[in-house]
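Working notes, beginning with the structure itself.
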Amino acid sequence: MAEENKVSLHGFFASPYVRRVDLALKFKGIPYEYVEEDLKNKSSLLLKYNPVHKKVPVLVHNGKPIVESLVILEYIDETWKNGPRFLPEDPYKRAQIRFWASFVHQQVFENMVLILKTDGEAQEKTVKEVSEKLSLLEEGIKSIFPEGIPIINQENVGLLDILIVSTFGSYKAQEEVLGLKLIDPEKTSPLLFSRLKALLELHVVKGALPPHEKVVGALKFMRQNALNSASV
Amino acid sequence: MAEVKLHGIWFSPFLYRVIWALKLKGISYEYIEEDLSNKSPLLLQYNPVHKKIPVLVHSRKPICESMIIIEYIEEKWPQTPLLPSDPYERAKARFWVKFVEEKAPAIWSLYRSTGEEQKKALKDSSEMLKILEEQGLGEKKFFGGDTIGIVDIAFGVIAHWFGVFEEIVEVKVLEAHAFPRLHAWKENFEEVPVIKENLPDRDKMLDYFKKRRMEILSASQ
């Protein structure tokens, strides 16, 4: 029955928001068609599927569009109950994971985007803020796993892991373009960093992340654009 | 019976989201009023990351962020569901919740600012309302259908607080002729018994937010 469970993902290769959905589909082993969008020339299909924000990612499941990466992740988890469950069963643990996923999404990632798009004092200020947020995140990770973090494998990845990979997975490219380290594996973020390294070893993750040079190119382009328009 | 406590501030729309969810499901709780200028050690212990209200404490475990609290309440007490059961409908509801989380800060900006900043806040607020009017509600009475749901609760700030801010800064945005559906929704929402019986006093809010606006504006000079 080819019409059942027809899944497509509209995205942009360099978007960490798209990466989250891409990883989720791959972790669950869900076959899907990927449609690369040209963000400067959005397809009429994209505009029809996401009339409010006109953005990627859009997941289309049997003709029905779902948008907003975190909403899509919960939709995938609720619809395909095979494979790893992105959220635990216990409501309190679910609340904790949602809190920290939202924290990485809003407090950490949005500021990392700012760091890419600024320089000088403005950038310095945001770098300091991100460092503070990462300290809080480290405490958060400890609170989620009070008995220590279980060994990661493709059967027990969760929502927060997907956020971690999509946000920090290309950390080497980020460091190269910015000329500074965002994650400090020794002082600020030992748990985060060891979790990230373990995730980067997973087969699915290796297959999902774009090549280093491609990410460097995309980040350089975004940074140049932002700095050019800021100085006009 | 495990105890439920709710830390809040009397004028906060974020607090009221949680109150409405608890009341709709018939859950008893103890309310603790916090003083924003003198936050209790308990609040700082429960919400070390944001140091904000509301915080729901259930069996001594704290949950923060109003919409995360509501998803918790929904899962713990499934009666009078606030979310649809179908995953696609749930995704649509969660989309609109994210939408208001992203766009509603313009409403606060409106009462906190003057000049160019205020003009922008006014523009952003109107655009948000326009999208809700044209794409959010459709022909439904409530975002949840015939009865209120999680999206209506999330939008409560538009129903009861926006009017107060409009009055303070002397603008009129949410008018029936410009936003017929949204205006009707607002009136219907405030007639729902649980909502009607659980709203902060409007005059008290007008007074408080007027004073607060003066404080904010003089501090920024």
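Could you pull out the pairs from A:K28/B:K141; A:K117/A:K206; A:K54/B:K140 whose alpha carbons sit more than 29 Å apart here? In this structure, A:K28/B:K141 exceed 29 Å between Cα atoms.
Rolling a 1.4 Å probe over the protein heavy atoms leaves B:H50 with an accessible area of roughly 50 Å². The contact between chain B and chain A removes approximately 2400 Å² from the accessible area (both sides summed; 1.4 Å probe; ligands, DNA and RNA excluded). Take each residue of peptide B:43-56, count the partner chain Cβ atoms within 10 Å of its Cβ, and average: the result is 1. Peptide B:87-99 is shielded by partner chain Cβ atoms: per residue, an average of 6 of them sit within 10 Å of its Cβ.
Compare A:L136, A:L209, A:L23 in a GNM of chain A, Cα atoms joined below 10 Å, and give the one with the largest fluctuation. It is A:L136.
For chain A, complete DSSP H runs whose alpha carbons reach 30 Å or more along their own long axis and whose mean Kyte-Doolittle score is -1.0 or higher are A:120-144. Working from Cα pairs under 8 Å separated by at least six residues, relative contact order for chain B is 20 percent. Among rounded, prolate and oblate, which fits the protein assembly as shown when a ≥ b ≥ c are the square roots of the eigenvalues of its C-alpha gyration tensor, a/c under 1.5 means rounded, and a/b larger than b/c means prolate? Here the protein assembly as shown falls in the rounded category. Within 10 Å of the Cβ of each residue in A:92-99, the mean number of Cβ atoms contributed by other protein chains is 6. By a 1.4 Å probe calculation restricted to protein chains, B:R213 has an accessible surface near 40 Å², given to the nearest 10. Need the list of aspartates and glutamates near B:K51 for cross-linking: C-alpha distance under 17 angstrom, and skip anything on the same chain fewer than eight residues off. Within the straight-line cut-off, B:K51 pairs with A:E129, A:E132, A:E139, B:E33, B:E34, B:D35, B:E65. Exposure check, 1.4 Å probe, all protein chains in place: A:F103 carries approximately 10 Å² of accessible surface. The apolar share of the surface of region B:125-208, taken as the fraction of accessible area on carbon and sulfur atoms (1.4 Å probe, ligands and nucleic acids excluded), comes to 47 percent.
Computed over region A:90-232, the alpha-carbon pair-distance distribution with 5 angstrom bins reads 2, 9, 18, 22, 20, 15, 8, 4, 2, 0, 0, each value a whole percent.
The values are calculated or read from the model by the stated rules, or taken from the named source; none is laboratory data. In this text, all values refer to a predicted model and were calculated from it rather than measured experimentally. When we count neighbours, we look across all protein chains shown, and the Cβ atoms used for this are built from the backbone with ideal geometry, even at glycine. Keep in mind that these areas ignore ligands, DNA and RNA; they rest on the heavy atoms of the full protein, side chains included. Shrake-Rupley method; radii C 1.70, N 1.55, O 1.52, S 1.80 Å.
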